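Where a number appears in this text, it was derived from the coordinates with a stated rule and is not lab data. If you're wondering where the values come from, they're calculated on a predicted model, not measured in any experiment. Every residue, glycine as well, gets a Cβ built from its backbone with ideal geometry; the counts of neighbours run over all protein chains shown.
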Amino acid sequence: MTPGGTARVAELERLLSDLWEAGGPLPYTAVLAADERAELCAEGRRLLHRAGFTAEFVPAALGGRLARLDELVAAARTVCRRDPTLALGHGLGSFLAAATVWTSGTADQRRRVAALVLAGGTVATVCPDLAHGDDPYRGTVTAHPDGTGNLRVSGRADAVPDGGRADALVLLADVGRPADADGAGLAHLLVDTATLPPGGVTRPARPATAGLRGLALGGVRFRDCPVPGSALLGTPGGGADAAARAAQVTRACLAGTLPGALDTGLRTVLRFATRRRLYGQGMDALPAVRAALADAFADLLILDAVGTVTARALHVLPEQAGAPASAALYTVGRRLTAAMDRLSRVLGAHSYLRDGEYGIFQKVRRDAALAVSGYAAPTTCLRTVLRYLPGLADRTPAGTPPPVAGQVYRDGAAVPELSFDRLTTRAGRVDALAGALHHGRRAAAGADPELHRLATAFCAELAGLGRQGARLRPPDLGPHARPEALALAARYATVLAASACLNVWAHRPRDGFLGDPAWAVAALHRLAGAAGLPAGAAPGPAAAYRPALYRELTDRFAGRRTFDLADRPPAG
């Protein structure tokens, strides 16, 4: 991050303060009360408006602050740690829609959306995953020319994030040619809701949801509604490609933001464990409790490494970002949900409480689960990854890593400007993020035998995936992929996560906690176990490194520092 980005995040931390701070500006009581009312937290919105938070999601060339995605992620995660619904409802949700405009819009469309977001307006996109599970090309909206320069739009979407209050909508519509399995015949429209005629569009009542209750998750229904032809984003028939390129940015940003919920979940459970007594001693003295907390800490470091590396890679390696972005969101979603489930067992019945100082746990757990499954279903992410597995062996040679590796893995390294035009849905000639495993293995060789053993196992796993990917057939690369093929994509996502952790460690100075191999060993051991690799089967190595993780976790807790790689004081 740049000094400017670091300063902005520190100011956000100071402004939002600690959820448990008595008399603080955004206490957990306000967050929980807003959730009970199914409203976006008004106190939080006022604070974010004061900080000009929405500028984080508008490119600097259009008057905003967006120059680096890792800075956007750091700012959004800071808000997500207090309230995931607030992060999505006051900025990030609009960015998920606006990314299509930044990718495919005209100069005028970009300027209009930028002005809207900077002014605090809301842009929403019809999100296929929420509407149709994991079928992104099932068309529900049609748009046909009427001979007067307008398009006639009909159709419906029943679950649109922020659809109930959006000032502008980004619609994926069938523009006259049947949409096939690859999305041909689809296009995006940018619709200003204030200009739509009465009766042309209706907004049904918000469906009840378990999480993200304060988000205006409303339906939108069009009935022969006239929309100007100038609303077209990009080219007719180019909607699927534009959506896939924009998804690389949005999935990477979601993957980097959502671990903030795990930080709060872990902090809540640690707070509980240090205050509760069992069997004549503090609950936090029990070995099983310490192991659960240390493992959740390792999971959070894994998720941060995956999200941060993917965000930087979009700047440095945009032609190679297609698979990593989807793999990152898949990994974050699965591991975040599982980690919160394990932490809930430590809380026990308290994990169901909706008020009190531990009530925030159930809220962030519910919010994160819906955000993960709603914005990009796991199977959708794996299907995207599958398309990149044929030819993997040729793209991941064991030679010297590319010279851009330091920009991706080294904290504070400069990165080139994000180029939306260079994003592509085609597999590149090199897969640098997976191939960097070989560099990480060499770095581990002289540092820690266990880390080197695990890195070697993941290099072998990568080679095996290359061989099996070469045997994939066309039916496995589409919507009818076999479960065995999807399992290959999940294994590839785990390899990328291992590479991210190993190389983040390798590019750190050899002092302090993050320069010590202990966390990297714990991370790779957990990933190897999840992947079913023999190297992750023995519990001994993980148990040996847990004390170091637990000491660091409790030190950060006492110092009110974040639990991610940034290790920053929450109150600035």
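Reducing the stretch 190-240 and the stretch 16-81 to their Cα centroids gives an inter-centroid distance of 25 Å. Phi angles of the stretch 316-325 translate, via the Karplus equation with coefficients 6.51, -1.76, 1.60 and θ = phi - 60°, into HN-Hα couplings of 8, 10, x, 6, 10, 8, x, 6, x, 5 Hz per residue; Gly and Pro are given as x.
Entry note, the stretch 423-572: relative contact order of 21 percent, from Cα contacts under 8 Å with a spacing of 6+ residues. Cα centroid distance between the stretch 260-287 and the stretch 345-366, in Å? If you average the Cα positions of each part, the centres end up 12 Å apart.
DSSP finds beta bridges in the chain, and of those with both partners inside it, around 85 percent are antiparallel.
Taking amide H as placed 1.01 Å from N in the peptide plane, Ala321 has its amide H under 5 Å from the amide H of Thr424, each at least 5 places away in sequence or on another chain.
Against the chain, whose longest principal axis is taken from its Cα atoms, helix 483-506 shows a tilt of about 60°.
Phi angles across the stretch 87-96 convert, under the Karplus curve 6.51 cos²θ - 1.76 cosθ + 1.60 with θ = phi - 60°, into 3J(HN,Hα) values of 4, 6, x, 10, x, 5, x, 5, 5, 4 Hz, Gly and Pro given as x. Using the average count of surrounding beta-carbon atoms within 10 Å as a protection proxy, the listed peptides 333-339, 550-556 rank, highest first, as 333-339, 550-556. The fraction of all Cα pairs in the chain landing in successive 20 Å bins from 0 to the largest distance is 22, 56, 21, 1, 0, given as whole percents.
The spacing between the stretch 415-437 and the stretch 499-540, judged by their C-alpha centroids, is 24 Å.
Fewest-first ordering of Asp167, Asp355 by other beta carbons within 10 Å of each residue's beta carbon gives Asp355, Asp167. Applied to the stretch 257-271, the Karplus parametrisation 6.51 cos²θ - 1.76 cosθ + 1.60 on θ = phi - 60° returns per-residue 3J(HN,Hα) values of 7, 5, x, x, 5, 5, 4, 5, x, 5, 5, 5, 5, 5, 4 Hz, with x for Gly and Pro. A crude spin-label estimate for the pair Ala349 and Leu278, with each label 7 Å from Cα along the Cβ direction, gives 1.4 nm. Among the trypsin sites (Lys or Arg not before Pro) found in the stretch 461-499, those both in a DSSP coil and sparsely packed, with 14 or fewer other Cβ atoms within 10 Å of their Cβ, are Arg471. For Val9, neighbours were defined as the other residues whose beta-carbon sits under 15 Å from its Cβ, and their charges (Lys and Arg +1, Asp and Glu -1) total -1.
Listing Leu48, Leu533 from fewest to most neighbouring C-beta atoms within 10 Å gives Leu533, Leu48. What does the net charge come to around Val201 if you take all other residues with beta carbon closer than 9 Å to its beta carbon, with K and R at +1 and D and E at -1? Taking every Cβ under 9 Å from that of Val201, the sum is +3.
In terms of the mean number of neighbouring beta-carbon atoms within 10 Å, the peptides 413-419, 4-10, 502-508 order highest first as 502-508, 4-10, 413-419.
Contact order for the chain, expressed relative to its length and based on alpha carbon pairs under 8 Å spaced 6+ residues apart, stands at 15 percent. Shown for Ile360, Ile302: other C-beta atoms within 10 Å of each C-beta, ranked fewest to most, produce the order Ile360, Ile302.
The angle separating the long axis of helix 69-80 from the principal Cα axis of greatest extent in the chain is about 80 degrees. For the chain, the dipole from Cβ point charges (+1 on Lys and Arg, -1 on Asp and Glu) about the Cα centre works out to 560 debye, to the nearest 20.
Per residue, the convex hull spanned by the Cα atoms of the stretch 3-121 amounts to 91 cubic angstrom.
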